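Trainee: Got a structure here, written out as structure tokens. Questions coming.
Read-outs: derived from the displayed coordinates by stated rules, not from any lab. Small disclaimer: the values here were computed from a predicted structure and weren't measured. Heads up, the Cβs are rebuilt from the backbone with ideal geometry, glycines too, and the neighbour counts pull from every protein chain shown.
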Amino acid sequence: MATTFDDVKAVISEVMKIDDDNISMDTRFIEDLKADSMDQFFLIDGFCEKFSINISDDDARSIKTVADAVTYIDTHKN
């Protein structure tokens, strides 16, 4: 069974068109992956779709690293 981290990596890999081997819990979306505002929108949208959750705009702004995403998703998914 895939972990939240594995599923988050899969979303990031698909959205950013990168190899998921280069993604760790410490990976930062803007600084490390060079995600622009549209990339960030598609990442949040991908997380919402993958995990069947809603992420508010305010909460989305606080998600800056892979660890932030995993923690948020683990505390908000059903």
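Trainee: Would you check if Ser56 is at positive phi and of a type in the set (Ser, Thr, Tyr)?
Mentor: In short, no.
Trainee: State which residue is surrounded by the fewest Cβ atoms within 10 Å (Cβ to Cβ) when the search covers only the stretch 37-56 and only residues that are part of a helix (DSSP H, G or I), of a type in the set (A, V, I, L, M, F, W, C) and touching a helix residue (DSSP H, G or I) at 6+ places or on another chain (Cβ under 7 Å). Steps first, please.
Mentor: Just the residues of the stretch 37-56 that are part of a helix (DSSP H, G or I), to begin with: 37-51.
Pick out the ones that are also of a type in the set (A, V, I, L, M, F, W, C) and you get 38, 41-44, 47-48, 51.
Going one step further and asking which of them are touching a helix residue (DSSP H, G or I) at 6+ places or on another chain (Cβ under 7 Å), we end up with 42-44, 47, 51.
On the way: Phe42: 15, Leu43: 23, Ile44: 22, Phe47: 25, Phe51: 20.
Result: Phe42.
Trainee: When the residues of the stretch 9-26 are narrowed to those that are among the aliphatic types (A, V, I, L, M) and not in a helix (DSSP H, G or I), which ends up surrounded by the most Cβ atoms within 10 Å (Cβ to Cβ)?
Mentor: Ile23
Trainee: Determine which single condition Asp59 fails, assuming it passes every other condition in (1) farther than 24 Å from Ala2 by Cα; (2) exposed (fewer than 11 other Cβ atoms within 10 Å of the Cβ).
Mentor: Single failed check for Asp59: (2).
Trainee: Still on this structure, I have one more. Find all pairs meeting these conditions: Cβ atoms under 6 angstrom apart; at least six residues apart or on different chains; first residue within the stretch 53-74 and in contact (Cβ under 8 Å) with a residue 12 or more places away in the chain; second residue small (Gly, Ala, Ser) and surrounded by 14 or more Cβ atoms within 10 Å (Cβ to Cβ).
Mentor: Ile63/Ala69
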